[in-house]
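What follows is a set of notes on a single structure, which appears directly below.
Every number in this text was worked out from the coordinates using simple rules, so none of it is lab data. Every value quoted in this text rests on a predicted model; they were computed, and no experiment measured them. Here the Cβ is made from the backbone with ideal geometry for all residues, glycine too, and neighbour counts use every protein chain on show.
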Amino acid sequence: MSQTTKTFKIGTHDGTFHADEALACFMLRKLPEYSKAEIIRTRDPKLLDTCDIVVDAGGVYDPSKHLYDHHQKSFTHTINSLRPDFQSDIRLSSAGLVYHHFGEKVLQSLAGKPLTQNEVDKMFRYVYFHLIQEIDAIDNGEPMYSVSFAAISDHKDYE
């Protein structure tokens, strides 16, 4: 008797790739349950409804239904609003949402060996503040630095 395994579908918008949905899809595909997931790129609500998880499209953030969009006007979540011990006022992108909900499992998967909860906690914080937060800021049009590129190019170490 042969068993058929379900092929999951990850939905995201079509058109130009953005770093946030590309990273969100990458992280999800690092999880065993989504490792062979098909990525559906569309804005068609009927096609998105056929997906098991939707990132950066659909206009809804509802983790109970695996919907991780941040484009609706009512969306105000930051990592701090979802994890009060993290101090940041940058609104989350789809990458930040996926990282919040799945990041610990992604880190465990990428480590390739069992990690202690303390190790996962430290890694989660480090990766958020050194990678994910930057993607959140870029996608939401928030500058991360006040230094201009002209000032950098004039610096003696730039040459």
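When the listed pairs LYS6/LYS113; LYS46/LYS73; LYS9/LYS113; LYS6/LYS122; LYS6/LYS73 are checked against a 32 Å cut-off, the alpha-carbon distance exceeds it for LYS6/LYS122; LYS6/LYS73. Among the listed options [x] 17.8; [y] 17.1; [z] 16.7, the one matching Kirkwood radius over Cα pairs in Å as calculated from these coordinates is [y].
Round to the nearest 10 and give me the degree value, 0 to 90, for the angle of helix 94-111's Cα axis relative to the longest principal axis of the chain. Long axis of 94-111 versus the principal axis of the chain: about 80 degrees.
Compared with the alpha-carbon gap, the fully stretched path from ARG125 to ARG29 is longer by 32.5 nm at 0.36 nm per residue. Projected label points at LEU47 and LEU110, each 7 Å from Cα along the beta carbon direction, are separated by 2.9 nanometres.
Within the listed set SER74, SER93, SER109, the Gaussian network model of the chain (springs between alpha-carbon atoms below 10 Å) gives the highest mean-square fluctuation for SER74. Between THR5 and SER64, the simple label model (points 7 Å from Cα in the Cβ direction) yields a spacing of 3.0 nm. Across the options ALA24, HIS70, SER35, the greatest Cα extent toward the positive end of the charge dipole of the chain (unit charges at beta carbon of Lys, Arg, Asp, Glu) belongs to SER35.
Mind listing which trypsin sites (Lys or Arg not before Pro) in the stretch 60-94 are in a DSSP loop and have 12 or fewer other Cβ atoms within 10 Å?
LYS73
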